[in-house]
Every structure is written in C-alpha cells, then in structure tokens.
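Notes follow once the structure below has been shown.
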Amino acid sequence: MVGLALPAPAFAHLSIVPARVLTRALVDLVFSVPNVGDARGIDHVTLGIPSDFDLDDVEAKPSWTQSRTGQAVTWSGGLIPKGTFARFAIRGTAPAKAETVLFNVLVGDRTGKSITYRVALDVSSTGERDSGARTLGKAALGVAVAAAVLALGALFFALYLWLRPPPP
C-alpha cells in the first residue's frame, strides 16, 4: 500500500517547545505528537530537520528504535494509542541568521497511512540567550555551590568551637 503524505498545518495539535530560539543557540527542541483519531495507533515518527539547523543528538525513547539519515531522524516500533501523545526531542544549534525554519514531521501507522506536518521554529537575533532546561540546570548548580560553601563554613565553625582552648 502506498503511504499518503499530505501537508498539514502545525496547529493541528502538533507542537514544538520552545517555538522561538536565538540565532546560534544550543537548544533542546521537543515535538509533541498526538494521535487524535488513528485507532490503529501511530508507530513511526520522522523529523525532517532544516538544513541550516545543526543536529547534535536525538532522544532515545524506551520501546522505540531510532535511525538517522542525514537531516532526518525516524523513531519506529513504539506506539502512540488513539487519544494520547508522545514527545520526541532533539538537540542542536539554531541557524546563524534570524528566520523561520520549518521542520517536516511525518507520522504514520502500521498500514502505511501517514501525514506530514510542517512545524515552524522562529529563530530570532534578539532576546534572552539562555532558556529551558539549561537555565534550570545552571540555577541548580548555583544552589548546590552555595549550599556547599555554607556547609563548609558550618564545618569550619564547628571545628573552631571544638578545637579552641577552654575559657579560663
């Protein structure tokens, strides 16, 4: 059976987070892929990555296999049942110029039926440089360092009290 590939608007329940990134930024992009009406379930998802997006890594998903060919990544063998969704993540570097890039996201079932969505990512040259999980990671690191410094200070103070000569 020949697969049906129709362009579909991105607002048809498929989303990308974040939807806006800065030029040349290292970003984690998460595509939420729903199964709105396919009773057989979606069993493969392919992301077509724009040529000016530098793809570094792709998410490993339990019960799915993945393959990468050039600027395309395919997850297959898993299942997104009707009425549910799954997330698929990639990591890479945003394009060097401000523009809107389009990711082609093909979703399909075991019968060969598929649909292709075009999902836009806004690449901007202005705005805050750091966002998402990396910011949280940096904040957590800062808290951990501050806690370590306080713990060391408390330890030295306790040692001082313990080792100081008794009052006369």
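A few points about this structure:
Every residue, every condition in (1) outside any strand (DSSP E or B); (2) at pLDDT 95 or above; (3) hydrophobic (A, V, I, L, M, F, W, C), yes or no:
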| site | (1), (2), (3) |
| --- | --- |
| K82 | yes, no, no |
| R91 | no, yes, no |
| V123 | no, yes, yes |
| D130 | yes, no, no |
| L136 | yes, no, yes |
| A139 | yes, no, yes |
| A154 | yes, no, yes |
| A158 | yes, no, yes |
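- Tally, over the stretch 40-52, of residues that are touching a Gly at 6+ places or on another chain (Cβ under 8 Å), more than 15 Å from R118 (Cα to Cα) and without any contact (Cβ under 8 Å) to a residue 60 or more places away in the chain: 0
- Output for the stretch 93-121, where each listed residue is over 12 Å from I49 (Cα atoms), in a strand (DSSP E or B) and either among the charged types (D, E, K, R) or free of Cβ contacts under 8 Å to residues at least 24 places away in the same chain (or both): E99, T100, D109
- In the condition set (1) surrounded by 12 or more Cβ atoms within 10 Å (Cβ to Cβ); (2) modelled with pLDDT of 90 or more; (3) not hydroxyl-bearing (S, T, Y), K97 is compliant with all but (1).
The values are calculated or read from the model by the stated rules, or taken from the named source; none is laboratory data. Every value quoted in this text rests on a predicted model; they were computed, and no experiment measured them. All Cβ positions, even for glycine, are placed from backbone atoms using ideal geometry, and neighbour counts span all protein chains on display.
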